[in-house]
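Novice: Provided herewith is a single structure, encoded as structure tokens, for subsequent inquiry.
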Amino acid sequence: MGRKTKKTTETFHFATCKYCEREMDRGCVKHWYLIDGKEYEAIKNGDDGNKGTCHDCNARQGEYHHPGCDMEICPVCGEQIIGFHDCDVTEVILANE
Ligand SMILES: [Zn+2]
Ligand SMILES: [Zn+2]
Ligand SMILES: [Zn+2]
């Protein structure tokens, strides 16, 4: 029986955040959202009532979720930011770190 080898990079590395461009083994850089024309600071993991490390983006307590994380809540209405809510989220503004 023949054998095949496959590279494991996809399996053994965390995905890279397209915003902060870091591997998602920890939280994102500080960021704000432009919502209905105003800037709002993103809600950190922990400040949203989540306990422990984020299961979706690996943000630890006190770190920012990566934009697109399904646990991050909207700083305006408290609903899931990538879900359905009445806010018009148009931009992510990232701190230079
Ligand atoms: Zn990020
Ligand atoms: Zn997260
Ligand atoms: Zn909202």
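Novice: Quick check on MET1: is it at pLDDT below 95 and more than 15 Å from ligand 1 (Cβ to nearest atom)?
Specialist: Criteria met by MET1.
Novice: Under 9 Å between Cβ atoms, which residue pairs at least 6 apart in sequence (or on different chains) link something in region 52-68 that is farther than 13 Å from GLU41 by Cα and more than 8 Å from ligand 1 (Cβ to nearest atom) with a partner that is part of a loop (DSSP other than H, G, I, E, B) and β-branched (Val, Ile, Thr)?
Specialist: From region 52-68, the pairs are ALA59/THR53; ARG60/THR53; GLN61/THR53; GLY68/ILE81; GLY68/ILE82.
The values are calculated or read from the model by the stated rules, or taken from the named source; none is laboratory data. As the structure is a computational prediction, the values presented were derived from the model and not from experiment. We place every Cβ from the backbone using ideal geometry, glycine too, and count neighbours over all the protein chains shown.
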